[in-house]
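The values are calculated or read from the model by the stated rules, or taken from the named source; none is laboratory data. Worth saying up front: this structure is predicted, and the values here are computed from it rather than measured. Cβ placement follows ideal geometry from the backbone for every residue including glycine, while neighbour counts extend to all protein chains displayed. In case anyone asks, the SASA skips ligands and DNA or RNA and just uses the protein heavy atoms, side chains included. Shrake-Rupley method; radii C 1.70, N 1.55, O 1.52, S 1.80 Å.
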Amino acid sequence: MLNTHTRNLYQDVILDHNKKPRNYRVLEGHSHMAHGDNPLCGDKIDVYLTVDENDVVVDVSFMGDGCAISKASASMMTTMVKGKPLDEVNTLFREFHQMSTGKLDPDTEANHLGRLKIFAGVRDLPARVKCATLAWHTLDAALKGDRKVSTE
Ligand code: ZN
């Protein structure tokens with residue numbers, strides 16, 4: 001279980017990113033985009049990326065409608081992948097997914113998650129896993145050239 005400090009931090013970060021979502025806009029001139037749906041909760045999200053010729057994510061944004069966790073996760077994702085090369089973005093996606101599904105313990109196993117670790121608590125809330133990972137699945141779909149992704 002999460003200790004009180006982590007739980008409070010989790011709530012603070014979710015609230016903050018909900019109130020002031022980062023990179024919340026349509027990205028003009030983007031090179032990649034996808035639409036993600038989580039019908040279980042009603043979360044919908046569009047993720048936009050601009051990837052340059054060196055395979056670096058030079059800009060990223062999202063728009064959407066959904067629960068607090070889906071929105072906070074999307075907002076925080078954009079701040080984490082902006083400026084990163086695609087191989088690092090793919091590593092983050094893999095590690096975030098493993099952490100959310102309980103396959104990676106970010107406190108005891110090596111990872112690059114940094115402040116994304118606050119989402120580790122969703123592994124105890126199965127209904128919330130899809131909310132937390134929706135933005136990441138949508139980002140992954142956009143990078144693979146798929147325009148649409150659904151958690152169902
Ligand atoms: Zn949700």
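General remarks:
- Criterion: farther than 16 Å from residue 147 by Cα, away from the ligand (no atom under 11 Å from the Cβ) and out of contact with any Lys or Arg (no Cβ under 6 Å at 6 or more places or on another chain) - qualifying residue of 57, 81: 81
- Tabulated pairs, the range 16-45, first free of Cβ contacts under 8 Å to residues at least 60 places away in the same chain and open to solvent by less than 60 Å² (accessible area, probe 1.4 Å), second within 16 Å of the ligand (Cβ to nearest atom) and basic (Lys, Arg), C-beta under 8 angstrom, 6+ apart or interchain: 17/71; 18/71; 21/71
Rundown of residues vs (1) among the β-branched types (Val, Ile, Thr); (2) without any contact (Cβ under 8 Å) to a residue 40 or more places away in the chain; (3) within 25 Å of residue 5 (Cα to Cα), yes/no style:
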| site | (1), (2), (3) |
| --- | --- |
| 81 | yes, no, no |
| 104 | no, yes, yes |
| 110 | no, yes, yes |
| 114 | no, yes, yes |
| 117 | no, yes, yes |
| 142 | no, no, no |
| 145 | no, no, no |
| 150 | no, no, no |
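- Scanning the range 11-42 for residues that are away from the ligand (no atom under 15 Å from the Cβ) and either in contact with a Lys or Arg (Cβ under 6 Å, 6 or more places away or on another chain) or in a strand (DSSP E or B) (or both), we see that the one that is nearest to residue 72 (Cα to Cα) is 24.
- Exactly one residue among 86, 134 is more than 16 Å from the ligand (Cβ to nearest atom) and surrounded by 15 or more Cβ atoms within 10 Å (Cβ to Cβ), and that residue is 86.
- Any chance residue 46 is acidic (Asp, Glu), within 16 Å of the ligand (Cβ to nearest atom) and closer than 14 Å to residue 143 by Cα: yes
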